[in-house]
Number of protein chains: 2
Amino acid sequence: MKDKKILLSEKEIPEKWYNIMADMPNKPLPPLNPATREPIGPDALAPIFPMGLIAQEVSTEKWIEIPDEIRDIYKLWRPSPMYRAYNLEKALDTPAKIYYKYEGVSPAGSHKPNTAIAQAYYNKQEGVKRITTETGAGQWGSALALACNFFGIECEVYMVRISYDHKPYRKVMMNTWGAQVFPSPSDRTEAGRKILAMDPNSPGSLGIAISEAIERAVMDENTKYSLGSVLNHVLLHQTVIGQEAVKQMEMAGDLPDIIVAPFGGGSNFAGLSFPFLRLNFEEGKKIRAIASEPASCPKLTRGQFRYDFGDTIGMTPLLPMYTLGHNFVPAPIHAGGLRYHGAGILVSQLLKDKLIEARAHNQIECFEAGILFAKTEAIIPAPEANHGIATAIQEARKCKEEGVSRTILIHLCGHGNFDMGAYEAYFSGKLTEHELTEKEIANSLAELDTPMIG
Amino acid sequence: MKDKKILLSEKEIPEKWYNIMADMPNKPLPPLNPATREPIGPDALAPIFPMGLIAQEVSTEKWIEIPDEIRDIYKLWRPSPMYRAYNLEKALDTPAKIYYKYEGVSPAGSHKPNTAIAQAYYNKQEGVKRITTETGAGQWGSALALACNFFGIECEVYMVRISYDHKPYRKVMMNTWGAQVFPSPSDRTEAGRKILAMDPNSPGSLGIAISEAIERAVMDENTKYSLGSVLNHVLLHQTVIGQEAVKQMEMAGDLPDIIVAPFGGGSNFAGLSFPFLRLNFEEGKKIRAIASEPASCPKLTRGQFRYDFGDTIGMTPLLPMYTLGHNFVPAPIHAGGLRYHGAGILVSQLLKDKLIEARAHNQIECFEAGILFAKTEAIIPAPEANHGIATAIQEARKCKEEGVSRTILIHLCGHGNFDMGAYEAYFSGKLTEHELTEKEIANSLAELDTPMIG
C-alpha cells in the first residue's frame, strides 16, 4: 500500500519567509499618492499599518525571519499535509500525477491564519488595541478573529453583505473567537453610508468593505487595519505553504510541472507558488504556475494593467495592478473570496512579465470539479478552492489526450464546511453563470483616469 | 519551542482491531428474542447485517485483522493527530497535563468514518446494494455517505427531525457524497407513520430513526442496515483511535491517569478508552476512563441496567444495557449525537463492573467548556465533544485544588463546523437546561416489562 500523505514534523515549519521581490527581474512600480501621482514612501501607510508590517511591505531582503511566537502558534496546525490524489487520478484515467497541499487543517479552515497570526503579532508588538478588517466568504475574518484572540487584541470585521447573508455560521465562528462582525455596507462609516444611500440593497463587495475597515482604523490611533490578501507582506507570510510544499515534493521524489491555485487577491496563489518560482529563478527550473480566477471576476485574464485603488472608495494609494476598475462589483458568485476587482502588485508584475499564467473558469464547472474531488479524495473543497481543481482537471485531461505524464500540484486552500449552501444551490440547479461582456468590462474600466502601465 | 502535536506515519495505522470482549472479566449477557425471551444466535441478525459484521459482533477473538482495503481508505485522514493542550493548561492554571486525540481531521469531521468504511466494506463483500441508517447530529450519516461512495453502494439516511431542521448543511454534505436523506419520523415506513399519527410535530429521536432504517432494510433482500454506535462491531472498529493514542502517549513519554470521552451509544468512548483498558487488564495499570453524558439523557448515571430494545418501536433484540427506556425521547439539546436512550452492551457491563466511570453535564456548562477550548486550542469542538472537555476541565481544576499533577487525555471526537447554530443559541442566551426529575425517569422506565440484571 502506497502512502497518500507526505507529512513534515513541527521542526520543519519554515524559519523564514521568502520575499520574491528579491528575485524578480522587474520590480513592481511604486504605489502613488492619488492626489499628487508621486510615489509614496512607507510613512504614508503608517496610519493604517504597524511599522513592522510596513517594513516587510517594502523590503527587498530575500529572507525574513519568522519570530518564534508566530511559529509556536503555527504549530497548532502546521506543517500542513500534502496528499497524492491517487483516487482523482484514477477517476480521470490520466497519466498525470496529481498532488494537493491542504490548508483546510487550520482551525479557521483555510490558509488565511498564516498571515493573520503574523499580522496580529506585529500589531501587538506596537501596542495596537483593535484591528479592523473586511471579509468576503468569511475565511479571512475568521482567521483574523482567531489571531486577535491569541494576542488579546479586539477584532472588528466588515463582512460583505451577500456573504453575511449566505454564511451566517462564519459570523458565529468569528464571535466564538471573540470578534465583532458587521455586514458591509454598514451605517458605521461614511463609506458605508454613501454606498447605502445609492443602493440600500447593495450586496457589498470586498472593495467597499475595505473602505469601511480602513475608515474605522484611520479614526482612532489605537486601531489599525489588516488586509487578508493583495499586499506584499501578506503574500510574504503565506510563503510558509510553498516552502513546506517544496520539501514535501522532494520527499515524494518529484517536482511539479504545473502548480495551480485559486486567485482572489494573490495570497493563496503566491503562498504556494512563490517558493517554487524561486526554483525557476535560482535553478532554471521551468515550473508553470497558473492562477485560477472566476470568469465573473477576470482581472488577470481580461483586466488592464494600470494604476488603480485597492478599495472602492479610493482610500488606498494607487497600486500598479491588473484590475477591472475599483468600482467593479462582481456578480454574487459563491466563491466570495475571489470577488475582488484587482490583483496584488507582485503577482501583477509577474503576470505582465509572463512568469506566471492565468485562467478563468465558470462557476458551474468549478462546482463539478469540486464534487468530483469530494467523491474521490473525500474532502469537500471551498468554492474558491474548486477553481484550482478545475484548472488541474483540465491539465490532467490534456495529459491524457497528449499521452504525456506531468506532475500537477493543487493548492487546496480550504474546506467547504461553511459553504454547503453553495453546494445546495448547485444541486438544486439554482447556480447561474455570470460571464461578462466586453462592454461591461470596458465600461467599468472607462471610469478610471489613472495611468496605464507598459 | 515544545512540539504541540504527536504524529504517526501511515505505516502505524493499526493492523488489527482490539476486541475487549476477550479481556472482560464478566462477559455481557446474550441478547434475547423479545417474544420468547430466549438468547438469540447470530442468525437472527442476518436479515439486517452482513455475516462478516455479525461474526465480529459475537467474536471473542482478542485481535481481528483490518483488511488492507479499509486501511488504505483510512489513510485519507489517519493516523489522527494527538495534541498537548498547553494553552488550555495555562488558562486553567492547572498542574494537570492535558492531551487530546483529534478525530475531526476526517473528511466527515468526526470519528464515525472509522466504522463506516469498515461496515461498507463488509457489506460490499456480500453484494449488498443499499445501506440504510439513522443519524442524529448528522455525523454518522455523513460518515456512512462517504463510505458508501467509496464502495459504490446506495445510502439512505433517516435523520432525526430536529437535527434535520437545525443542521441543513449536514444533509447537503451527505448529498455531495451521493446519499439520500429523509427527516425522521418520515412517512416512508410503518414505524414513522405510527409516530407521526401520535405526534405530527415529533422532533424525532435516534430510537425512532433506527426503527425506520431497520424496517427499510428488512423489506428488501439487497438492502442492509448499518448502525453508527452501540453494537460490539462498531465499538471494535473504533479501537484504531485508542491504539494510535497508546502509541502517541508512549512517544510523549506519558500515560494518561484519566481518559474522558463523550458518551452517546458508546463508540466514541470505546474507541479511545478500550485500548487503554487493555493496559489495565494486561499490565495492571489503573487508568480511569470516564464517559461524559448529557444531564438531559443520563442513561449511565441515572438509568437502569436491564434488558431493553435498541430502538423505539422494538424491532431489535433485547439487549442487556443501561437504559432510560426505549420510549424515552430526550430533550432537544444541541449535542444530537448523545440523544440516545441506551448504552452499548460492552460499555454497560464495564460500568456495572465498575471498570469505567460516568459523569453527566448540563448543556450550558458544556458550551462554556467548548468555548474556552476554542479560545485556547483554536479548534471549535462539536457539541458532543464539549461533554468530554467539560469533564476534563473539572478534573484539571481538581488537580489544582489538590495540588496534584495528573495526565488527562480527551477524546476530541469532532469539530463544530456544522454546529455553529448551537453556538449561536448559546451566545444569544437561548440555551436552556433539561434536567430530568426522578419522576420523569421513573415514568419512562415503568413502561418496561423486560428483565432487570444483577
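Carbon and sulfur together cover what percent of the accessible area of chain B at a 1.4 Å probe radius?
Carbon with sulfur: 50 percent of the solvent-accessible area.
Taking a spot 7 Å from the Cα of A:LYS62 along the direction of its beta carbon, which residues of region A:280-294 have an amide N less than 15 Å from it?
Those under the cut-off are A:280-285.
Just how large is the dipole of region A:155-275 about the Cα centre, in debye to the nearest 20, putting +1 at every Lys and Arg Cβ and -1 at every Asp and Glu Cβ?
Roughly 320 debye, rounded to the nearest 20.
When the helix-only estimate is applied to chain B (DSSP H runs of n ≥ 4, each -39,500 (n - 2.57), divided by the residue count), what is the mean residue ellipticity at 222 nm, nearest 500 deg cm²/dmol?
-12500 deg cm²/dmol
At a cut-off of 50 Å², which residues of region A:336-384 become less accessible once all protein chains are present than in their chain alone, using a 1.4 Å probe?
Going by heavy-atom accessible area, the residues of region A:336-384 that drop by at least 50 Å² are A:LYS375, A:ALA378, A:ILE380.
Rounded to the nearest whole Å², what accessible area per residue is found for region A:230-349 with the 1.4 Å probe?
21
So how do A:83-94, B:259-270, B:347-358 stack up, highest first, on mean other-Cβ count within 10 Å?
B:259-270, B:347-358, A:83-94
What lysines sit close enough to B:LYS430 to cross-link, taking a C-alpha to C-alpha distance under 19 Å and skipping anything fewer than 8 places away on the same chain?
A:LYS171, B:LYS167
Return the residues of region A:2-49 for which accessible area with all protein chains present is lower than in the chain on its own by 50 Å² or more; set the probe to 1.4 Å and exclude ligands, DNA and RNA.
By number: A:ASP3, A:LYS4, A:LYS5, A:GLU10.
Give A:LYS16/A:LYS112; A:LYS2/A:LYS75; B:LYS352/B:LYS398; A:LYS5/B:LYS400; A:LYS224/A:LYS354 a once-over and call out the pairs whose C-alpha atoms are over 29 Å from each other.
Violating the 29 Å limit, Cα to Cα: A:LYS5/B:LYS400; A:LYS224/A:LYS354.
Probe of 1.4 angstrom, ligands and nucleic acids ignored: what's the accessible area per residue over region B:56-125, in square angstrom?
For region B:56-125, the per-residue accessible area is 29 Å².
So, by mean Cβ neighbours within 10 angstrom, what's the order for A:395-408, B:398-411, A:214-227, B:161-174 with the highest one leading?
Per-residue mean Cβ counts within 10 Å order the peptides as B:161-174, A:214-227, B:398-411, A:395-408.
When we measure straight from the Cα of A:LYS97, which aspartates and glutamates land under 18 angstrom away, once same-chain ones fewer than 8 places off are left out?
Within the straight-line cut-off, A:LYS97 pairs with A:ASP3, A:GLU89, A:GLU250, A:ASP254, A:ASP257, A:GLU377, A:GLU395, A:GLU401, A:GLU402.
Considering only DSSP beta bridges where both residues belong to the protein assembly as shown, give the percentage that are antiparallel (nearest 5).
Once the DSSP bridges in the protein assembly as shown are tallied, antiparallel ones form about 40 percent.
Using a label point 7 Å beyond Cα on the Cα-Cβ vector, give me the inter-copy distances for B:ILE40 in nanometres, one decimal, shortest first.
7.4
Based on Cβ point charges of +1 for Lys and Arg and -1 for Asp and Glu, what charge dipole magnitude is obtained for the protein assembly as shown about its Cα centre, in debye rounded to the nearest 20?
Dipole of the protein assembly as shown, to the nearest 20 debye: 660 debye.
How crowded by other chains is A:77-87, given as the mean number of beta carbons from other chains within 10 Å of each beta carbon?
2
Could you pull out which residues in region A:15-48 have an amide N less than 11 Å from a spot 7 Å beyond the Cα of A:GLU282, following the Cα-Cβ vector?
Under 11 Å, as judged by backbone N against the label point of A:GLU282, lie A:18-19 of region A:15-48.
At A:LYS27, with labels set 7 Å past Cα in the Cβ direction, how many nm apart are the copies from this one, shortest first?
Output for A:LYS27: 8.0 nm, nearest copy listed first.
Counting only Cβ atoms, what residue of chain A lies nearest to the axis that sends chain A onto chain B, and how many whole Å off?
Nearest residue, distance rounded to whole Å: A:ASN417, 2.
Per residue, how many Å² of accessible area does region A:387-454 show with a 1.4 Å probe?
Computed with neighbouring chains in place, this is 46 Å² per residue.
Around B:SER80, what is the net charge, scoring Lys/Arg as +1 and Asp/Glu as -1 over all other residues with Cβ under 10 Å from its Cβ?
Net charge in that neighbourhood comes out at 0.
Compute for chains B and A the buried accessible surface, both sides summed, probe 1.4 Å, and express it in Å² to the nearest 100.
4300
So if I place +1 on the C-beta of Lys and Arg and -1 on the C-beta of Asp and Glu, and nothing else carries charge, what would the dipole magnitude of region B:375-432 be about its Cα centre? I want it in debye, nearest 20.
Charge dipole, region B:375-432, about its Cα centre: 160 debye, nearest 20.
Going by a ≥ b ≥ c, the root eigenvalues of the Cα gyration tensor, does chain B fall in the rounded group (a/c under 1.5), the prolate group (a/b larger than b/c) or the oblate group?
rounded
Which residues belonging to region A:172-214 lose at least 40 Å² of 1.4 Å-probe accessible area when the assembly is complete, relative to their chain isolated?
Output list: A:VAL172, A:THR176, A:TRP177.
With a point put 7 Å past each Cα toward its Cβ, work out how far A:VAL218 is from A:ILE453 in nm, to one decimal.
The two pseudo-label positions are separated by 2.3 nm.
Just round it to a whole percent: the fraction of Cα-Cα distances in region A:1-112 exceeding 25 Å.
Beyond 25 Å sits 49 percent of the P(r) for region A:1-112.
If only Cα atoms are counted, what is the Rg of the protein assembly as shown, and what is its Dmax, in Å?
Rg, Dmax (Cα atoms, Å): 27.7, 94.
Considering every residue in B:68-76, what mean count of other chain Cβ atoms within 10 Å of its Cβ is obtained?
3
Determine, for each peptide in B:417-425, B:320-328, B:115-123, the mean count of other beta carbons within 10 angstrom over its residues, then list the peptides with the highest first.
B:115-123, B:320-328, B:417-425
Out of all Cα-Cα pairs in region A:306-375, roughly what percent, to the nearest whole number, are more than 15 Å apart?
Result: 63 percent of Cα pairs exceed 15 Å.
The values are calculated or read from the model by the stated rules, or taken from the named source; none is laboratory data. All figures in this text were calculated on a predicted structure; none of them were measured in a lab. All Cβ positions, glycine included, derive from the backbone under ideal geometry; neighbour counts span all protein chains shown. Note: areas computed on protein heavy atoms with side chains; ligands, DNA, RNA excluded. Shrake-Rupley method; radii C 1.70, N 1.55, O 1.52, S 1.80 Å.
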